[in-house]
Every structure is written in structure tokens, then in C-alpha cells.
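Please read the structure below before turning to the comments.
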Amino acid sequence: MKHIKTVETKNLCTKNGGCGECQTSCQSACKTSCGIANQKCENKSKK
Amino acid sequence: MIHQYKLGGYNIVLDICSGSVHAVDDIAYDIIAMFESAAKTDILRTVGEKYIGTAIDGETVTAADIEECYDAVVSLRDAGKLFTPDTYESMAGELKQKTAGVVKALCLHIAHTCNLNCSYCFASQGKYSGERGVMSFEVGRRALDFLIENSGTRHNLEVDFFGGEPLLNFDVVKQLVAYARSIEKQHNKNFRFTLTTNGMLIDDDVIDFANRECVNVVLSLDGRREIHDRFRVDYAGNGSWERIVPKFQKLVAARGGKDYYMRGTFTHANPDFLEDIKVMLDLGFTELSMEPVVCAPGDSAELTADDMVIVKEQYEKLAELMLERRREGRPFTFYHYMIDLKGGPCIYKRISGCGSGTEYMAVTPWGDLYPCHQFVGDEKFKLGNVFDGVSNTAIQSEFAECNVYAREDCRDCWARLYCSGGCAANAYHATGSVTGVYRSGCELFKKRMECAIMLEVAKEFEECE
């Protein structure tokens with residue numbers, strides 16, 4: 001019996017300190033209720 | 001910290017600090033719920049009494065199954081995928097410190113005036129509590145130079161053409177893009193332009209420009225005609241729906257797959273906003289965003305407590321509709337349900353806050369700098385101007401220190417690494433402090449995240465089938 005299916009997710013704890021190339025949070029569609037979950041990582045040298 | 005919820009036929013467990021997402025059966029769901037507060041023997045007994053002898057997925061549950069499931073939970077904990085402690089607080093200021101003084105995005109208020117007179121507009125019909133005015137090319141050019149000068153080693157620079165209605169000053173928009181393109185290579189930069197428009201002035205020239213130069217266009221449409229025309233009227237009081245929809249359709253058809261968002265606002269008039277989403281779909285639009293209205297307390301557009309119940313149900317129904325359409329091969333996207341579990345933001349981004357006032361600023365038509373577009377017009381938040389730079393370092397420091405750990409109420413919230421503490425402007429307007437918490441916004445954000453993650457879990461199962 002398989003009880004748990006783990007979805008593949010990003011390892012949050014990157015060690016490089018963040019490159020900062022990603023979009024700022026409020027820069028696209030919302031303008032009034034931003035979050036960061038729907039942003040892309042744009043680190044070209046990510047491991 | 002974990003967060004458990006049931007949605008769309010799935011039992012979902014989020015391990016907040018590792019970012020892990022688990023889809024579990026009822027036995028695992030109950031074991032995980034008790035895991036941190038009860039002893040193993042108590043958990044096995046309680047869960048056993050509930051499930052031994054029952055059938056799950058056609059198999060009869062045994063005591064061995066319960067114990068095996070318990071062991072699987074222990075293994076995930078030991079592997080850092082369940083009950084992971086929060087060890088990120090010391091890193092909270094690091095990214096901002098490292099990039100202090102680096103600006104990478106500007107919201108250019110090209111026109112503080114508008115050809116529509118929407119009463120719910122957070123920008124007070126484009127005036128932002130001030131005078132009407134449009135940005136000159138000279139001010140805009142200086143803003144772009146300011147951005148380059150202050151962008152450090154950042155390659156991608158984001159610029160929004162915002163208003164009011166930016167197309168009321170379209171010539172300057174075009175001149176600024178031409179200027180940026182003429183200097184970006186020599187500075188090793190890549191400008192990414194976004195245009196936010198109400199659509200009234202879209203013509204072939206605008207379409208050609210937007211599709212050539214803008215990585216994204218945000219098109220304001222509230223959905224159903226009667227809903228849209230209730231607020232989005234011209235100065236004679238006439239609705240704009242009929243005039244803008246064909247223009248939007250033409251622009252999107254010519255976009256050739258480039259990003260756009262059909263962006264609506266829902267208010268007390270339409271908490272059942274899924275109906276508006278359906279209208280957008282019927283009109284042929286598939287990249288959608290609907291935002292809860294942001295307005296002063298007591299405004300007639302404000303969402304009531306009863307509305308909030310409806311809105312949360314609507315978010316769930318929206319997720320169901322997306323699942324249904326995806327299975328039918330007719331997918332559409334909803335901005336807030338776009339979540340990339342495998343490639344989303346790193347932990348530094350997740351704990352840094354939104355970047356307003358530091359890496360992101362708004363520029364008024366006169367060149368004044370504000371922490372973001374929602375603070376424009378509130379004089380005490382004026383940071384400086386594009387000619388002399390940031391002079392109000394006290395206010396900028398408030399924003400630099402504004403991260404998820406700066407908000408006491410966020411510390412125990414499961415969604416903190418998905419929202420990064422939320423919107424400083426909404427927090428300020430709701431509580432008087434940029435490190436306050438805009439509670440109704442939080443409620444809706446959490447519901448959206450539950451739906452977004454459920455859609456990803458469903459995708460995982462669909463791919464396995």
C-alpha cells in the first residue's frame with residue numbers, strides 16, 4: 001500500500017545567496033496583491 | 001511546520017521550510033496530523049482503530065500498513081521533507097544587504113491622467129491624489145539612465161509603462177523604448193518592457209509596438225459586460241466594454257504567443273468572479289488574472305465578509321474548471337495559480353519581501369521616486385527623484401528591512417515562504433505600517449496557494465496515468 005506520493009520540488013536552500021536576476025514581485029499582472037510563489041528563477045548558473 | 005488540506009479529491013501536505021509537497025492517503029494524513037503531538041503507540045492505536053479492516057483503494061488495511069505508513073513519515077522527516085525547522089531567519093536581510101542600492105525595476109507613471117473614470121481605481125482615476133500630468137521624454141530618459149546607473153551587475157531590467165493610461169502619452173513611450181534599445185547593449189543590459197492599458201487607444205500602431213517591444217501587456221477587462229461597465233466608464237458615464245474588447249482580441253491574436261494578461265478586478269459587485277473568467281474564455285482569452293479590489297475601508301466596492309466566503313469558493317471552482325479544461329486539451333492560465341514547484345524562487349527571494357522601495361520603485365511624471373506605484377501621491381513616502389537619487393534614506397531603510405521575518409504575524413503562517421510577507425502597500429493601508437498584515441489579503445492568498453498547489457499535484461497524477 002503506497003501511502004505517500006512526494007511531488008518533485010525545488011530544494012529551497014540554495015547556497016549561493018540568490019543572484020537577484022528574477023523579476024520583482026509586483027512587476028507583472030497583479031499590481032495590487034503580490035506574492036512570490038508564481039515567479040520564475042532566472043539564475044542561469046543554478047545547480 | 002507543515003500545512004495539511006484536502007482539495008480536489010487530494011489530501012495534500014506541505015512541508016513549509018523544505019518546500020516539499022506530498023499527496024497522501026487518509027492514513028498518512030491522520031498520522032502526520034498527530035505526529036508532533038502524540039507518541040508513536042498512541043498514533044498507531046488511534047489511527048488503527050479508525051482504519052484497520054476498512055478498504056482503501058480496494059485493499060483491506062492491516063496493522064502492518066499503519067506501521068509501515070508511520071515509518072514512511074519518519075523517513076520523510078529524517079530526509080528533511082517533513083517537519084523541517086525554519087532555519088532561514090538569519091538569512092533574511094542577506095540578499096537585500098548584498099544588493100543594497102541595486103535597482104532593477106521601475107514602474108514609469110507615463111501619464112497621471114486617464115480616459116476612463118473608474119470609481120474603484122486605486123490610482124484615483126490616474127491622478128494619485130495629485131495633479132494630472134504626463135511624463136516628458138526628458139524625465140523618462142533620466143529615469144532609464146537612473147535605472148542603468150543603479151542596476152549594478154543586473155542584466156535584466158524591468159520597466160512598466162503604467163498610469164493612469166500610458167497610451168495617452170504613447171509618443172513618449174515609443175521614444176523611451178527607442179532610447180533604451182539604443183543604449184542597452186553598451187551597458188550590457190536587457191530592458192524588458194511591460195505595458196498596462198485600459199485598451200481605449202489601442203490601434204494598429206499600438207499593437208505593432210506592443211508585440212514588438214513588450215515582453216508582456218496587461219489588458220484591463222473585468223469580464224461580464226455589465227460588471228465591467230459598472231465601474232469602467234468614460235467621463236460621460238458610458239461603459240467601455242464594447243469599445244475595448246475587439247481591440248484586445250485583435251492585439252492578442254497578433255501577439256504570436258508572447259505573454260499577455262487579461263486582468264480584471266472583482267469587487268462587492270462580482271464576488272462570483274468565475275463568471276467573469278468564463279466570459280474572458282468565451283472571448284478567446286486564455287492568459288487571465290482577476291484581482292480582489294483594493295480600496296478604502298467602507299468603499300462601496302469593498303468585499304464584505306460574506307463576499308469573502310463566496311470568493312474563496314470561487315477560487316476552488318476556478319481550480320476545478322482549470323483541471324477540467326486541461327483534461328479536455330483547452331487549458332488556460334490564471335496568474336495566481338502559476339506556480340513552478342521545481343523551478344520557482346530560491347529561499348533568498350522567498351524571505352526578502354517584494355523588493356518595493358529598494359530594487360523596485362515607481363517614478364511619477366515629474367521624476368519623483370516612490371517605493372511602489374501604490375505609494376505614489378503619499379508625500380511622506382517620497383524617496384527622492386531620478387535626478388538626485390534617493391534622499392529619504394529613512395523611508396528606504398524601512399522597506400529594506402521589510403521581510404517576512406519583520407512581520408510578527410507571519411512567523412507562524414504556513415504561507416510565508418509563498419508570499420514573502422505580502423504587499424507592503426496593502427499592509428500600510430490596512431494597518432498604518434508597512435510591516436503590518438493585510439488580513440483579508442492573506443486569507444485570499446492562502447486559498448489561492450492551496451488551489452495552485454492542488455493543480456500541480458493533480459498534474460503529477462495525470463502524468464503518471
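The values are calculated or read from the model by the stated rules, or taken from the named source; none is laboratory data. Values in this document were obtained by computation on a predicted structure and should not be read as measured data. When we count neighbours, we look across all protein chains shown, and the Cβ atoms used for this are built from the backbone with ideal geometry, even at glycine.
Here are a few things to note about the model shown:
- Among the residues of region B:89-125, those that are part of a loop (DSSP other than H, G, I, E, B), within 28 Å of B:Asn150 (Cα to Cα) and within 23 Å of the chain's Cα centre (by Cα) comprise B:Ala92, B:Gly93, B:Thr99, B:Val102, B:Val103, B:Lys104, B:Ala123.
- Enumeration of residues in region B:249-265 that are under 22 Å from the mean Cα position of the chain (by Cα) and on the phi < 0 side of the Ramachandran plot: B:Val252, B:Lys258, B:Asp259, B:Tyr260, B:Tyr261, B:Met262, B:Arg263, B:Gly264, B:Thr265
- Looking across region B:270-300, the residues that are of a type in the set (A, V, I, L, M) and buried (at least 19 other Cβ atoms within 10 Å of the Cβ) come down to B:Leu274, B:Ile277, B:Val279, B:Met280, B:Leu288, B:Met290, B:Val293, B:Val294.
- Filtering region B:166-206 to residues that are within 14 Å of another protein chain (Cβ to nearest Cβ), within 23 Å of B:Ala123 (Cα to Cα) and not aromatic (Phe, Trp, Tyr) leaves B:Pro166, B:Thr194, B:Leu195, B:Thr196, B:Thr197, B:Asn198.
- Test set (1) at pLDDT 90 or above; (2) part of a helix (DSSP H, G or I); (3) surrounded by 14 or more Cβ atoms within 10 Å (Cβ to Cβ) - B:Val309 fails condition number: (3)
- Test result for B:Gly343, farther than 30 Å from B:Ser20 by Cα and either crowded, with 23+ Cβ neighbours inside 10 Å or of a type in the set (Gly, Ala, Ser) (or both): no
- When residues of region B:1-36 are limited to those that are outside any loop (DSSP other than H, G, I, E, B) and acidic (Asp, Glu), the one surrounded by the fewest Cβ atoms within 10 Å (Cβ to Cβ): B:Asp26
- Test result for B:Gly421, more than 18 Å from the chain's Cα centre (by Cα) and not acidic (Asp, Glu): no
- Some residue of region B:359-372 being outside any loop (DSSP other than H, G, I, E, B), without any contact (Cβ under 8 Å) to a residue 60 or more places away in the chain and surrounded by fewer than 24 Cβ atoms within 10 Å (Cβ to Cβ): yes
- Qualifying positions in region B:332-370 - in contact with a Lys or Arg (Cβ under 6 Å, 6 or more places away or on another chain), within 7 Å of another protein chain (Cβ to nearest Cβ) and acidic (Asp, Glu): B:Glu359
- Of all positions in region B:94-101, none carries a residue that is in contact with a strand residue (DSSP E or B) (Cβ under 7 Å, 6 or more places away or on another chain) and within 14 Å of chain A (Cβ to nearest Cβ).
- Contacts under 7 angstrom Cβ, first residue in region B:278-296 being away from chain A (no Cβ under 14 Å), partner in a loop (DSSP other than H, G, I, E, B), 6 or more apart: B:Val279/B:Gly223; B:Val279/B:Arg224; B:Leu281/B:Phe332
- Qualifying residue in region B:221-240 (condition: of a type outside the set (Phe, Trp, Tyr), over 23 Å from B:Phe122 (Cα atoms) and surrounded by fewer than 18 Cβ atoms within 10 Å (Cβ to Cβ)): no
- Subset of region B:401-452 [among the polar types (S, T, N, Q) and buried (at least 20 other Cβ atoms within 10 Å of the Cβ)]: B:Asn403, B:Ser420, B:Asn426, B:Thr435
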